[in-house]
Amino acid sequence: MDSVSPAIEELVRRMATDDRQAFARFFSHYHGRLLKFALLYVRSRELAEEAVSDVFLKLWQKRAALVEVHNLNSYLYIAVKNQALNYLQKAGNQPGLSLDEVPMALTVELMTPERELLTAELQAEIQRAVEKLPPQCKIIFRLIREDGLKYKEVAEIMGISVKTIEVQMGIAIKKISVELQQHLQMRSSASASAANRILRIALAAFPFLLEAAANGA
């Protein structure tokens with residue numbers, strides 16, 4: 001089973017023997033990220049919850065076969081994507097959910113290198129820049145940066161080529177960098193404070209941090 005930790009592999013093996021406690025831990029590990037992913041498609045908390053719950057129900061029903069899944073991450077995300085789209089088609093036009101209404105636990109969480117380098121202000125600017133990305137570009141960026149998936153996994157989930165993923169990530173990095181540069185230009189005119197120096201350093205390092213993380217995925 002590729003792309004998952006030994007701990008998750010062990011949970012899957014235990015689930016195959018009807019271990020409900022293992023399933024509860026598996027659920028806790030994946031539920032939040034899969035719910036957030038479903039929200040990118042249906043933009044309705046209720047529909048997203050139903051879609052993810054249905055996927056977990058089917059996982060439990062087919063738990064014995066789960067050990068045979070080659071790439072578990074891709075399998076889970078594709079299942080949620082398909083279920084979410086099915087719900088969306090059945091529901092028709094539903095009122096959209098503003099991202100401001102999504103619980104904070106579901107918002108983009110930056111990886112450790114950025115946390116160590118960026119100020120809270122810059123993190124907020126990155127959040128705003130991510131929200132401005134085109135829909136497909138935003139989904140790809142979040143899957144890679146937030147959920148730590150590999151380019152190949154995201155390509156499988158989205159049904160597109162790895163090359164397209166690379167192009168979309170390049171677009172995302174460029175657009176976010178431009179947004180941050182504009183923010184820095186407006187801010188730096190006020191003073192030459194230490195905070196501004198931190199912002200400049202972070203801005204310069206931002207594309208390289210993303211590329212390094214992506215290459216290691």
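Summary of values
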read-out: Mean Cβ neighbour count within 10 Å, used as a protection proxy, ranking 11-19, 143-151 highest first; value: 143-151, 11-19
read-out: Cut-off 9 Å between beta-carbons: net charge of the residues surrounding Val67, Lys and Arg +1, Asp and Glu -1; value: 0
read-out: Radius 14 Å from Cβ of Ala22, net charge of other residues (Lys, Arg +1; Asp, Glu -1); value: +1
read-out: Extension gain from His29 to Ser53, taking 0.36 nm per residue of separation minus the Cα-Cα distance; value: 7.3 nm
read-out: Over 18 Å between alpha carbons, listed pairs Lys132/Lys175; Lys58/Lys150; Lys62/Lys152; value: Lys58/Lys150; Lys62/Lys152
read-out: Tyr41 - accessible surface, heavy atoms, 1.4 Å probe, Å² rounded to 10; value: 50 Å²
read-out: Computed FRET value (nearest 0.05) for Ala65 with Gln127, which takes r as the C-beta separation and R₀ as 41 Å; value: 0.60
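The values are calculated or read from the model by the stated rules, or taken from the named source; none is laboratory data. Computed from a predicted model, the values in this text were never measured in an experiment. Please note: Cβ atoms are built from the backbone with ideal geometry, for glycine as well, and neighbour counts cover all protein chains shown. Please note that ligands, DNA and RNA were not included when accessible areas were found on the heavy atoms of the full protein model with its side chains. Shrake-Rupley method; radii C 1.70, N 1.55, O 1.52, S 1.80 Å.
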